[in-house]
Structure formats: structure tokens, C-alpha cells
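Q: Have a look at the structure that comes next, please.
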Amino acid sequence: MDEKPIDKEDILKELEEFHKLDHDYSDGRILGSMCTEAHPFSKEVYCNFLDTNLGDPGLFEGTKIIEDKVIESIGEFLSIKKPYGHIVTGGTEANIMAIRAARNHARKYKGIVDGEIIIPSSAHFSFKKAADMLNLKIVEANLDDNYKTDVDSVKNLISDKTVAIVAIAGTTELGLVDPIGEISKIALDNNIYFHVDAAFGGFSIPFLREMGHELPVFDFSLPGVCSITVDPHKMGLAPIPAGGILFREKEYLDVMAIDSPYLTVKTQSTIVGTRLGASSAATYAIMKYYGKKGYCNLIKNIMENTKFFKENLEKIGYDVICEPELNIVAFNHPDMKTNELADKLENLGWKVSVAKCPVAIRVVLMNHLKLNHLKELLEDLKEIY
Ligand code: 0PR
């Protein structure tokens, strides 16, 4: 640390130099991010709530009401009247909380001590972190020919040690929705906790379904679903960090409760202690500001761009891996190696993301990728072809 205080102007100048090294969403060059620039209004609200701490909600009763209201509003489009949950730092923390609830529940009610979780091989790596921290073994279900969780594979992996089954509504690499209705039934029949990771798809599938898109039901209307991850800082357009975890029953929070004797509340179920109220306030603001109509328009526009991009890729001659269900398009050149294609795009200034299963270039069509950026990308891809 410097010995003497430094002038604000000098500090800002120095910070700005570092910031210049960052990529900007508005350049339209970031192709693989699930986050995007938050709406200016939600950023303004975020700053107003920077000092609030939901780790001690008795001191911030108003902000706690905001968090509860946000969880309730998200619950509304996930078909649940009274959800229990929290706004957390992101999908990783939300998934860890879900798996912790499942583990503790199975320990309490079934006496399972060395549990296993069944996750599809398409699951986000946050489940590996969860298993590592919570001392659980991962058993991986296969995907079918369409890159979705194979239902029979899940069935075959169930054992008397299974504490949770996980399925994905909007996979990280391809944006696909698992057959969640069928898996919900299996979980229910076997009395096993079922978690749906809709970190990416949670803020779009409900609105797409409402507009007539044929996508599977994935929410609490399925009786087997115990919890859902749904991230405002992805398709919800809230500032980072904002993840969401919703539980069907209060019991799932109770089995994680740790005594917090000197706080204004006597127990705490979240992983972190001191935690942002600003995320809840900003999410509340953006959800009110957009309304259902705003989110419908947003995703409608994004899906039109997705269709445009996919069709034009095929016109040039690229192989598209699968019909996009959400706003991700994965593709390959018929002859060129994926990494070679990725390098060529990187050299042209694109920030590329490569999927591993199957190996392919993946473009996440977030709000920052406008039609003109997609046209430029297609021009470059035509040139490379
Ligand atoms: N669940 C799913 C289905 C996800 O896709 C992700 C993240 C998570 C959980 C974890 O969410 P958090 O990262 O909020 O903890 N998916 C992207 C990924 O890891 C997130 C991302 C965002 C990647 C911005 C790149 C990027 O620039 O691939």
C-alpha cells in the first residue's frame, strides 16, 4: 500500500487504464458469455443498496422484504405460489445450496452418509465443486443422440446412496432442455430429491413457452421438482452477482440451518454470511421495469437473431450441431478442425468459446450481440470458409 493518500483523479486515471484492458460487451465481439451488460436502471438501484447486508436481515428489514418479493416474483413464472429461497452470487452458489439441501435432507430422513448425485454429462462444472465440498460422489448419466439426458441412464444409476438427481433447463454448451417431466417422475417414484439447473434457461423458457415455442415443462408444476436455480445475472439482465435458488419446501432451507446466535436472526441457511442486498434490489428493479412483456420482447428478438445466425451459417456451408432450443448456436466447419477455426476467429478479434461435448464453436446470443455484429461475424466466417 502507498504510504501517502493519493488524489482521487490519479486513482481513477490509473483504474481506467486497467479497465481499458477489459473487453466491452457493447463491442459485440464477446461470443461465449452468458452474462451481458446490465440495464443502466438496475445499476443505479444496485449502487443505492451497496451498504445493505442480508447476512443480518434484522438490520435491513426493508431489503429482506425486497429479497422475499423477488423470490416470489420469480416463483410466479416457475409455477409456485410460495417458494423459499435466496438471491445469491450466481448459478454456482445456487447449485451448491441445492445439493447441500439434498444431502442434508437425505442424511436426516434416510440416514445416507456417503451419498451420490446423478448429473448428466452436460451439467455445469459447479456440480463438481458441490460434490467436492460436500463429500459426495458424482455418477454421470449419459446423453442421448440429441445431447439431452438419457432417461434410462438416469434410472439405471439410481442406488440406495442417491441423494439427488439433477437435470438442466438450458445446458451451458448447447442451450438444450432435458426431458425434465420424465426425470421428475422417476425422482418422485424413487423418493429422490430432484434439482433443475435453469441458471441459463430460467429467465427465457417460461416466456418462450407463453409465446408458443415448443419447449418442455421444467418448473414446479412438475411434482418431483424440489428446487430450481435461475440466474437474474444471465438472461434476467441484472448486474453481476445475482443468482437465484428457489425451493419447494421450507424444510429444504431448515435442513441447512446453522445457529447464528448473536445475529438478528437465530439461524442462517445460506453458504455465505455477509451478503449483498444490492443484488436483490437491482433484480427487483429490473423485473418491475421490464415486466413479463419486456422479457417476452427481449427473448423474441434474441431468438429471431438466433434463427438468422443459424440459417446463414448453414447457407455458407457450416454444420450446425443441433437445432437451437434457446439462444445458443454451436457449429463446425465441415473440414477444418474446431481449434483452427477458433484461432482464425480470434485473430480477427472475436472472443470465441469452444464447446467440449461435442467439440464445436459455440455462440451465446446474448443481448449485446446485435444483428450488425452477427452480420460482421457471418462475413468473416464466409471469408474463412
Ligand atoms: N448452471 C449453468 C447451466 C450454467 O451455464 C452456469 C454458468 C452455471 C450454472 C454457473 O453459474 P455462475 O457462473 O453464475 O456461477 N455458465 C457459464 C459458464 O460457466 C457462465 C459464463 C458467464 C461463462 C460469462 C462465461 C462468461 O463470460 O460457462
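The values are calculated or read from the model by the stated rules, or taken from the named source; none is laboratory data. This is a predicted model, so every value here is computed, not measured. FYI the Cβ positions are ideal-geometry reconstructions off the backbone, even for glycines, and counts take in every protein chain you see. For the accessible areas, the whole protein counts, side chains as well, though only heavy atoms, and no ligand, DNA or RNA atoms are used. Shrake-Rupley method; radii C 1.70, N 1.55, O 1.52, S 1.80 Å.
Q: So how far, in whole Å, is the C-alpha centre of the stretch 39-82 from the one of the stretch 282-304?
A: 17 Å
Q: Further, regarding this structure: Have a look at F49, S79, V320 and report the one farthest towards the positive end of the charge dipole of the chain, computed about the Cα centre with Cβ charges (Lys/Arg +1, Asp/Glu -1).
A: So the residue we want is S79.
Q: Apply the Karplus curve 6.51 cos²θ - 1.76 cosθ + 1.60, θ = phi - 60°, to the phi angles in the stretch 146-154 and return the couplings in whole Hz, x for Gly and Pro.
A: 9, 6, 10, 4, 7, 5, 5, 4, 4
Q: Right, here's the next one. With the crude spin-label approximation of a point 7 Å out along Cα→Cβ, what separation in nm comes out for V272 versus K161?
A: Here the answer is 3.3 nm between the modelled labels.
Q: Compute the distance in nm between two label points, each set 7 Å from the Cα along the Cα-to-Cβ direction, one at A257 and one at R209.
A: Computed distance between label sites A257 and R209 equals 3.1 nm.
Q: Residue farthest toward the positive end of the dipole of the chain, with Cβ of Lys/Arg at +1 and Asp/Glu at -1: which of A187, V359, V166?
A: A187
Q: With +1 on the Cβ of every Lys and Arg and -1 on the Cβ of every Asp and Glu, and nothing else charged, how large is the dipole of the stretch 290-334 about its Cα centre, in debye rounded to the nearest 20?
A: Using Cβ point charges on Lys, Arg, Asp and Glu, the stretch 290-334 gives about 340 debye.
Q: Let a ≥ b ≥ c be the square roots of the eigenvalues of the Cα gyration tensor of the chain; is it rounded (a/c under 1.5), or, if not, prolate (a/b larger than b/c) or oblate?
A: The shape class here is oblate.
Q: About its Cα centre, what dipole magnitude does the stretch 251-353 give when the only charges are +1 on Lys and Arg Cβ and -1 on Asp and Glu Cβ, stated in debye to the nearest 20?
A: Result for the stretch 251-353 is approximately 600 debye, rounded to the nearest 20.
Q: Just the number, please: carbon plus sulfur as a percent of the accessible area of the stretch 41-287, 1.4 Å probe, no ligands or DNA/RNA counted.
A: Answer for the stretch 41-287: carbon and sulfur cover 51 percent of the accessible area.
Q: Another question about this same structure. How would you order 122-132, 280-290 from highest to lowest mean count of nearby Cβ atoms within 10 Å?
A: Answer by packing, highest mean first, reads 280-290, 122-132.
Q: May I pose another question? Can you say what percent of the DSSP beta bridges in the chain, counting only those with both residues inside, are antiparallel? Round to 5.
A: Antiparallel bridges: around 55 percent, rounded to the nearest 5.
Q: Also: Among A123, G175, I99, whose Cα lies farthest out toward the positive end of the dipole of the stretch 51-204, if unit charges sit on the beta carbon of Lys, Arg (+1) and Asp, Glu (-1)?
A: Positive-end residue among those listed: I99.
Q: Moving on. Take each complete run of DSSP H in the chain, measure how far its Cα atoms stretch along the helix's own axis, and keep only those covering 24 Å or more with mean Kyte-Doolittle hydropathy at least -0.5; list them.
A: Once both thresholds are applied, what remains is 61-77, 278-316.
Q: Next question. For a test of the definition: using alpha carbon positions, the gyration tensor, and the 1.5 limit on a/c, classify the stretch 316-385 as rounded, prolate or oblate.
A: Rounded, since a/c falls under 1.5.
Q: Magnitude of the Cβ-charge dipole of the chain, K/R +1 and D/E -1, about the Cα centre, nearest 20 debye?
A: Once rounded to the nearest 20, the dipole reads 1040 debye.
Q: In whole percent, what relative contact order does the stretch 9-134 give with Cα contacts below 8 Å and a gap of six or more residues?
A: It comes to 14 percent, rounded to a whole number.
Q: Quick one: check the C-alpha center-to-center distance for the stretch 317-352 versus the stretch 94-125, whole angstrom.
A: 35 Å
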